[in-house]
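The values are calculated or read from the model by the stated rules, or taken from the named source; none is laboratory data. A quick note: this is a predicted structure, and the numbers were derived from the prediction, not measured. No Cβ is skipped: glycine too gets one built from the backbone with ideal geometry, and neighbour counts run over all protein chains shown.
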Amino acid sequence: MGKIPAGQGVLQHGGFCWKTAALVSMVCIVMGGKGSVAAVKDDDPAAATRLYQTSAGHVPQVMAMGTNLDGLAYWSSAMPTLDLMKSAGGWLPQAKGVYDTGETVSLDRDGWPLAFAASPEHRYRWLVVNVLHDNPAAPPAAHYAILYDGRGPITALDNDGAQLLSRKPGELHVMAGRTGSLYLRLDPDGAQDDPVRNIRVVLEKDLPLLRAGLTFAPDFMDRVNRFQVLRFMDWMNTNAVFPPIGDAISGDAIDRAPLIDWSSRPLPSTMRWGEGTRGMPVEAMVELANRTGAAPWFNMPINAGDDYIRSFAAYVRAHLRPDLGVHVELSNEVWNRIFPQARYADAQARATWGAEGDGLEWYGMRAAQVGAIWKAVFGQATGHAAGPGRVAMVLGTQFDWPGLETKALDTPHWRDSQGSHLRAADSIDDYAITGYYDGTMSSDAEVPLVKRWWQDADGGYGQAIAALANRIAQVNARLYRYHAARARAYGLRLVTYESGYGESTPPSQRENPAYTDFLIRLQRRAEFTALENSNYKAFLAAGGSLYMNFGIVGTPSRWGSWSALETVHQHSSPRYGALMAWLATHPGGHGHASIVMGDAKGQTIEGSINGYDVLVGGTGDDVFVAGTGTGSRMDGAGGNDVLKLPAMRMAYHFDEGPLIGQTVVTGPTGSLLLSGIARVRFGDGEVAGLSALTAAGANASRFERSIGRGHGNIATASAGR
């Protein structure tokens with residue numbers, strides 16, 4: 001989807017459609033009547049088609065639940081990353097009295113400004129970046145640590161009462177403004193060879209977690225770690241087409257967009273991962289999946305070449321928890337002409353099959369190819385008939401346009417090198433639709449009715465809720481049955497890729513705050529728990545196996561109340577409560593990591609059975625108890641700390657870590673990364689100093705490597721003789 005203002009008309013595949021509030025539903029008038037909503041029939045013959053005897057072939061008794069993640073931005077009330085530079089805005093070139101001179105700022109590969117000086121060649125005299133602005137979740141007057149590399153003048157603007165508290169090389173401490181805002185300023189510097197870069201902005205209280213290697217804020221992870229699937233569509237900036245180098249392209253350039261390879265991917269070192277960028281790197285998304293225990297749902301760029309796809313899949317296979325599956329989707333809503341990927345698909349179809357080539361057929365073909373690459377990397381059969389594997393390839397279609405899915409699934413013009421027909425559906429696993437309940441209050445035609453409701457004693461909320469309930473029962477349930485029949489006909493699982501409350505302010509009312517307030521207050525009402533549940537149950541009854549909520553944390557506005565929570569500090573709401581209650585009564589998750597930060601008293605800090613924990617001690621004497629999973633990070637952070645390991649000493653290998661003062665411990669259940677810990681107590685009671693264990697292990701490793709090199713030299717010499 002993507003949060004784009006509704007109410008825009010688009011021409012699509014022989015008919016005219018206009019966007020409804022859900023932004024993914026369309027009301028369509030299709031030439032000849034084919035494909036209209038009226039064409040849906042509950043007795044579709046596809047419902048009687050024999051099914052594959054796999055998980056796709058059964059009406060599920062338990063429906064999994066996942067969520068999309070709201071896009072990163074300096075105004076996002078989700079505040080998902082510890083380092084707030086990852087969601088910051090771009091650099092603003094400023095001069096006295098000029099907010100933005102509009103000039104291009106020279107940046108390095110990661111988006112950090114190159115060294116600059118006052119010069120007649122440009123108007124700007126300094127650079128500013130919005131770290132937090134107009135963000136309802138940003139705590140007022142909060143204290144932040146700002147870490148950076150390089151030399152040069154960097155400070156926080158004193159807007160809104162913000163203050164610089166302290167400074168030392170590479171580190172500032174600042175207080176944000178009264179409304180939580182924070183802006184950083186770079187001035188011309190004399191360190192031309194060492195400009196300021198790698199800026200990290202973190203709440204002071206969370207600095208130990210950032211230094212321990214945690215990427216995501218604990219409050220955010222608490223809101224999402226019970227979901228079974230996380231879809232990264234917005235985090236990957238999927239609704240944009242990027243060339244190998246440079247910003248997103250538009251217009252005719254989309255038709256000629258080259259393929260991108262792995263060298264064009266976003267990196268962990270990139271300054272920001274939010275709006276206008278190439279998105280979040282795979283390393284961070286896999287980290288979140290590992291720590292939450294949720295299966296990731298990745299959206300591959302529409303113009304990603306085979307190298308990109310293969311390398312992405314290889315990273316995921318090497319680093320994702322082995323108990324987690326993967327959902328893979330080519331782009332997002334390739335049928336939706338609001339987005340550039342639809343135009344790209346049309347251009348590729350014409351290049352493949354001539355002037356009559358259909359973009360949705362090309363989409364189906366390329367989705368199948370992408371799925372084949374992923375499954376080959378994971379050692380999995382391409383077709384779904386062999387049964388479910390770790391990788392599930394997703395193909396999406398439009399909820400309100402029955403029949404639109406056919407060309408993408410059947411790919412009638414796709415042939416192999418021998419001329420035999422290839423059907424995309426045979427390489428797809430999940431048939432994906434939306435599941436929004438909306439369409440009753442978002443168009444201008446409905447405004448008079450809604451305003452009449454306001455005259456009711458309850459302010460119109462009762463009739464609004466009744467209209468939404470009727471929409472679920474009369475429209476959603478019927479379309480769920482249609483799409484379930486189509487999925488069964490192809491042996492596919494039925495899933496949603498986005499779902500939830502989808503009303504937004506009609507175009508004529510966008511300057512009328514009363515209308516927007518009504519829609520926002522409506523979704524805060526307790527009755528929404530029942531509405532959510534009725535939508536879940538209607539989808540499950542039709543055969544749905546995975547329901548994906550759309551927004552999880554975001555500020556409601558005239559453009560919609562897409563998210564179940566309004567800020568990351570909100571613990572529940574009727575919509576979020578319904579999601580959590582469903583997950584509690586329909587278990588199926590894989591368990592999340594422990595994120596713990598100790599205090600000054602000293603305590604016992606235990607790891608989880610799931611691994612990927614981040615355990616940070618306080619200034620007291622702490623006892624760390626290793627969990628049974630791998631990939632965890634433990635930092636004593638002060639005091640005389642002890643690590644307890646369950647097995648005897650001979651079961652473990654100690655070696656130097658990637659940074660000075662770190663130790664990697666490898667044992668029966670995987671590896672741990674340690675720092676700041678004095679001693680280790682083994683399962684038989686033996687106690688040893690960590691520094692001595694590390695030195696001995698490192699010496700043994702160096703000896704083994706030298707022996708290995710010696711054998712290699714002997715073999716080479718023998719071969720030479």
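One table, with the values for the structure above:
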item: Arg256 more than 22 Å from Asp110 (Cβ to Cβ) and assigned to a loop (DSSP other than H, G, I, E, B); result: yes
item: Some residue of region 287-295 being among the hydroxyl-bearing types (Ser, Thr, Tyr), surrounded by fewer than 20 Cβ atoms within 10 Å (Cβ to Cβ) and either in a helix (DSSP H, G or I) or in contact with a Phe, Trp or Tyr (Cβ under 7 Å, 6 or more places away or on another chain) (or both); result: no
item: Residue match in region 684-697 (condition: of a type in the set (Ser, Thr, Tyr), touching a residue at least 12 places away in the same chain (Cβ under 8 Å), over 20 Å from Thr619 (Cα atoms) and surrounded by fewer than 16 Cβ atoms within 10 Å (Cβ to Cβ)); result: no
item: Given (1) at pLDDT below 95; (2) in contact with a Cys (Cβ under 7 Å, 6 or more places away or on another chain), number of the condition His384 does not satisfy; result: (2)
item: Residue tally, condition more than 25 Å from Tyr124 (Cα to Cα) and in contact with a Leu (Cβ under 9 Å, 6 or more places away or on another chain), over region 180-207; result: 5
item: Only listed residue being among the charged types (D, E, K, R), in the same structural domain as Asp426 (by TED's automatic domain parsing), under 28 Å from the mean Cα position of the chain (by Cα) and at pLDDT 95 or above, chosen from Arg478, Arg524; result: Arg524
item: Where a residue in region 148-167 is farther than 16 Å from Ile199 by Cβ and assigned by TED's automatic domain parsing to the domain that holds Val128 and its partner, wherever it lies, is part of a loop (DSSP other than H, G, I, E, B) and among the β-branched types (Val, Ile, Thr), with Cβ under 8 Å and at least six apart; result: Asp160/Thr179
item: Top-ranked residue in region 159-216 [being among the polar types (S, T, N, Q) and over 33 Å from the mean Cα position of the chain (by Cα); ranked as modelled with the lowest pLDDT]; result: Gln192
item: Of residues in region 204-230 being closer than 19 Å to Gly66 by Cα and among the polar types (S, T, N, Q), the one surrounded by the most Cβ atoms within 10 Å (Cβ to Cβ); result: Gln228
item: Failed criterion for Ser701 (all others in (1) hydroxyl-bearing (Ser, Thr, Tyr); (2) in a helix (DSSP H, G or I); (3) surrounded by 17 or more Cβ atoms within 10 Å (Cβ to Cβ) hold); result: (3)
